[in-house]
Amino acid sequence: HIVPWRSAYQSTQLIGGKSQFVLGASGHIAGVINPASKNKRSYWTGGKQGDDASHKSICLQEVIMLRGELNYTIFCLKNGKEIMVAHTLKYFEDKLIEFGFLRVHRAFLINPKYILNYDRLGHTIEMDSNLTAQVSRRRAKDLKII
């Protein structure tokens with residue numbers, strides 16, 4: 001969503017657990033999902049308000065999975081970092097399916113390149129970097145080829 005950045009930053013103080021504030025350069029979240037090689041979009045992430053922020057791009061090849069939590073999506077990266085973005089998982093599903101990502105649960109969108117093991121009985125997928133995604137019974141049929 002396009003909102004005043006100060007208000008959005010303050011909302012990170014209301015969320016329980018670890019969170020990271022991300023400011024999009026173009027005012028749109030497309031900067032997070034475009035491959036870095038395109039050099040079209042970027043975002044800034046940094047410490048407290050007033051600190052110098054660093055300029056980064058995310059390459060889709062570095063995204064292991066996305067985890068949805070209410071109206072937020074957390075990008076889980078190969079380097080172990082997590083980035084929280086104020087959009088639903090559905091928003092990213094519509095954009096990432098064409099890049100091979102799979103929606104396996106209402107809360108998980110995965111990059112199949114990082115699947116290590118699929119436990120059909122436990123309905124879980126073990127991913128790279130010690131990550132685990134749940135698989136819904138309804139979506140399990142899509143994983144029969146794995």
Full-extension gain in nm, residue 134 to residue 95, via 0.36 nm per residue minus C-alpha separation = 11.9 nm
Over segment 86-146 - Rg/Rh using Cα atoms and the Kirkwood inverse-distance radius = 0.94
inquiry  = Using a 1.4 angstrom probe on the protein heavy atoms only, could you order 18, 141 from most to least accessible area?
reply    = 18, 141
ask   = So how much accessible area does residue 124 have, in Å² to the nearest 10, using a 1.4 Å probe?
value = 40 Å²
ask   = So which of 18/113; 18/90; 78/141; 113/141; 81/113 end up more than 24 Å apart by C-alpha?
value = 18/113; 78/141
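The values are calculated or read from the model by the stated rules, or taken from the named source; none is laboratory data. This one's a predicted model, so the numbers in the text were calculated from it and none came from an experiment. Keep in mind that these areas ignore ligands, DNA and RNA; they rest on the heavy atoms of the full protein, side chains included. Shrake-Rupley method; radii C 1.70, N 1.55, O 1.52, S 1.80 Å.
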